[in-house]
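Right, one structure below, let's go through it.
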Amino acid sequence: MKYLFIHQNFPGQFIHLSQKLAADTKNQVVALSIHKLPVPQGVQLRCYSMLRPAAPETHPLLLDMEAKVLRGEACASAALQLKREGFVPDIIIAHPGWGETLFIKDVFPHAKIVVYCEFYYAAEGRDVGFDAEIPAMTFQGRCGLRLKNTINLHALQIADAAISPTQWQKSTYPEWAQDKIQVIHDGIFLERLQPDPKAKIMLGKEGHLREFKPGSEVLTYLARNLEAVRGFHIFMRTLPKILQQRPQARVVIVGGDDVSYGGKAPGNISWRNYMMEELQGQLDLERIHFVGKIPYGTYLQLLQITKVHAYLTTPFVLSWSFLETAMSGAPVIASNTPPVAEFAEELGVPMVDFFDVDGFAEQISAKLAAKPAKRRVKRLEKVEMQYCLAQQIKLLHSL
């Protein structure tokens, strides 16, 4: 079989599936991407680039759409080159979010297409408007959000099948589209989460480093970027009380200062700077460690030594880190929002109202004070790698 993966940041969510397919020598696996990132062995990566950015004179509501059309055009051009070289896929697996799938059916009209349905935007009832502290969306912004779904709708129209990683993410799509969408998670490797009593991490300034191991009183928070969509501002407000109640506790905060979702804080500054200004004089900064973005191996070590992990999210895409941390056996205190609630009971994760700063502080402090229980990996078949890959392969074979 010939498989074509399309993702501007390939391998992205397709890393495990592409690796599995490429391991079979009977398959030919090719990937189209803008960025040249490491790919699984056996996958042939072909990169493409946009001929130009969206033009500044374009109507503001069409800037995002023009950028997606330009990506779709560039991806189609690269696909046409593959076709000229004799590669015609049987199945295309694509993330449509950036526009790359717009014209792919015109290049390969007979290929079966599977699209990855990550999130369907809405101006109400999900992340937008959930937190009044996040600057309100303008009317033009609401119109732009509606247009963002154009790509989603086009992808669903050409798709023979679709995948969403969680039931809640599937539920964000229109009811008429949900019959086409199967819930299959990307997959979590339990083997990577096994307890490691020898895990350690060094924290502190140069010359004053301190070693932390499993059992150390460490509170962790993690996001790709520190922003309100992931409840960073709420978490920061819990720290004065937590640090006062737990004088030996250390806080490790992982994430960058850019914007992944939503926007910057009021005043057009980073949410980190915004919260540091708000909490000036209330925090013992010697006990708070902002470590930026870290390698995956360091992240796994951090999961092993954390005594409590805080996870917050608005009604938005659930982070892999929530499932990996909870399944590693680390105590997690999480926000009571729909993406979390889908898994919290099965994983034994207590939830607190997203805006309840005192509630979070009390529960986190109590967990930090408690004697650590023996770590045991928590099984949850529907998100375990072996099960998820089997379901993905089954779907592909059904086409």
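Structure data summary
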{"item": "Residue satisfying all of: in the range 77-103; under 10 Å from Val115 (Cα atoms) and of a type in the set (A, V, I, L, M, F, W, C); surrounded by the most Cβ atoms within 10 Å (Cβ to Cβ) among these", "result": "Ile93"}
{"item": "Filtered residues of the range 314-355 (kept if touching a helix residue (DSSP H, G or I) at 6+ places or on another chain (Cβ under 6 Å), hydroxyl-bearing (Ser, Thr, Tyr) and part of a helix (DSSP H, G or I))", "result": "Thr325"}
{"item": "Residue list for the range 338-354, restricted to those being of a type outside the set (D, E, K, R) and surrounded by fewer than 16 Cβ atoms within 10 Å (Cβ to Cβ)", "result": "Ala341, Gly348, Pro350"}
{"item": "2 or more residues farther than 18 Å from Lys200 by Cα: qualifying helices (runs of 4 or more DSSP H) within the range 225-309", "result": "232-245, 271-278"}
{"item": "Enumeration of residues in the range 355-375 that are over 23 Å from Ala341 (Cβ atoms) and surrounded by fewer than 19 Cβ atoms within 10 Å (Cβ to Cβ)", "result": "Ala369, Ala370, Lys371, Pro372, Ala373, Lys374, Arg375"}
{"item": "Subset tally (residues that are more than 13 Å from Ile34 (Cβ to Cβ), charged (D, E, K, R) and either outside any helix (DSSP H, G or I) or without any contact (Cβ under 8 Å) to a residue 24 or more places away in the chain (or both)) for the range 44-67", "result": "3"}
{"item": "Residue pairs meeting the criteria (Cβ under 7 Å; at least 6 apart or on separate chains; first in the same structural domain as Leu51 (by TED's automatic domain parsing), in the range 68-94; second modelled with pLDDT under 95 and assigned to a helix (DSSP H, G or I))", "result": "Lys68/Ile151"}
{"item": "Residue ID - modelled with the lowest pLDDT, chosen from residues in the range 206-224 that are part of a strand (DSSP E or B) and among the hydrophobic types (A, V, I, L, M, F, W, C)", "result": "Phe212"}
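The values are calculated or read from the model by the stated rules, or taken from the named source; none is laboratory data. Keep in mind it's a predicted model, so treat the numbers as computed, not measured. All Cβ positions, glycine included, derive from the backbone under ideal geometry; neighbour counts span all protein chains shown.
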